[in-house]
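One structure is given below, encoded as structure tokens.
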Amino acid sequence: MTTSKTEHIAICPGSFDPITEGHMDVIRRASRMFGRVFVAVAEDSGKVPMFSVAERVAMAREACRDLSNVVVESFDGLVVEYAKQQGAVALVKGLRAVSDFEREMQMAWMNRQLAPELYTVFLVPHPDYAFLSSSLVKEVAMQGGEVSQFVPDAVHKRLQDRMGRSQ
Ligand code: PNS
């Protein structure tokens, strides 16, 4: 291989509804491994989101503002097509517990069928976030629980606003 790994482009795709510290751990690591990282917020991931795509992008942009080689965008359609448009060599996903494994492997396999030249790279999140998910954060926040340690500040503020509470 003649190119330096620092020139390679990766995509971190997801619903990011909302982005969590678990996602951020994976994105930070990806930003050290690749020259440029696109955090790709899916407009439609088949789930009914709590936040609009514009809100999810805004929160992720705020959270990633100190990562100079990270760009946050939304995308529609197949992730492999978006990856091709960006010239990416890899999709980077966090793999938490065994519960993630089957769905992530299904997606990795399908994406490999669709785009054999594109790699799926799984990164292991910090153990502090091994069981953290956006769904759990929303559930706890909706019941009035404290979630500030699990999400970036921009997300915490929006969750507070959504729940009609002041900081
Ligand atoms: O955060 P999530 O919900 O695990 O992210 C899932 C996501 C958005 C990465 C996945 O649904 C996706 O890639 N959607 C785009 C459409 C697509 O390419 N579907 C086929 C995936 S095999």
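Please identify every one of the trypsin sites (Lys or Arg not before Pro) in segment 10-87 that sits in a loop by DSSP and has no more than 16 other beta carbons within 10 Å of its own beta carbon. Before the final figure, lay out the partial values.
Numbers: sites: Arg28, Arg29, Arg32, Arg36, Lys47, Arg56, Arg61, Arg65, Lys84; in loops: Lys47, Arg65.
Passing sites in segment 10-87 are Lys47, Arg65.
Given the convex hull over the Cα atoms of the chain, what projected area results after averaging over all orientations, in nm²? Display every interim value, and only then the final one.
Values: hull surface 39.3 nm².
The number I arrive at for the chain is 9.8 nm².
What shape does segment 6-50 take by its C-alpha gyration tensor, where a ≥ b ≥ c are the square roots of the eigenvalues and a/c under 1.5 counts as rounded, a/b above b/c as prolate, and the rest as oblate?
Working: a/c = 4.52, a/b = 1.86, b/c = 2.43.
In terms of gyration-tensor shape, oblate.
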If one compares the long axis through the Cα atoms of helix 153-162 with the longest principal axis of the Cα atoms of the chain, the angle in degrees, nearest 10, works out at 50
As a test of the formula, what do you get for the chain when each DSSP H run with n ≥ 4 contributes -39,500 (n - 2.57) and the sum is divided by the residue count, at 222 nm and rounded to the nearest 500 deg cm²/dmol? -12500 deg cm²/dmol
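Using a Cα distance threshold of under 21 Å, what count of lysine pairs results for the chain when pairs must be 8 or more residues apart or interchain? Intermediate results must be reported in sequence, preceding the final value.
Details: Lys5/Lys84; Lys5/Lys93; Lys47/Lys93; Lys47/Lys138; Lys84/Lys93; Lys93/Lys138; Lys138/Lys157.
The number of close lysine pairs in the chain is 7.
Within segment 14-95, list the GluC sites (Glu not before Pro) lying in a DSSP loop whose Cβ has at most 16 other Cβ atoms in a 10 Å radius.
Details: sites: Glu21, Glu43, Glu55, Glu62, Glu73, Glu81; in loops: Glu43.
Here the GluC sites (Glu not before Pro) that fit, given the DSSP loop and packing criteria, are Glu43.
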Determine which residues of segment 146-162 fall in the zone a paramagnetic label at Ala58 would reach in this model, i.e. backbone nitrogen under 19 Å from the point 7 Å along Cα→Cβ. 151-162
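Val98 to Ser148: extension gain in nm, 0.36 nm per residue of separation minus the Cα-Cα distance?
Working: separation 50, 0.36 × 50 = 18.00 nm, distance 2.56 nm.
Roughly 15.4 nm would be gained on extension.
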Between Gln113 and Gln160, what FRET efficiency comes out of the Förster formula 1/(1 + (r/R0)^6) with R0 = 45 Å and r the beta carbon distance, rounded to 0.05? 0.60
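Here, each number is a calculation from the coordinates, and none is a lab measurement. These figures come from a predicted structure and were not determined experimentally. Heads up, the Cβs are rebuilt from the backbone with ideal geometry, glycines too, and the neighbour counts pull from every protein chain shown.
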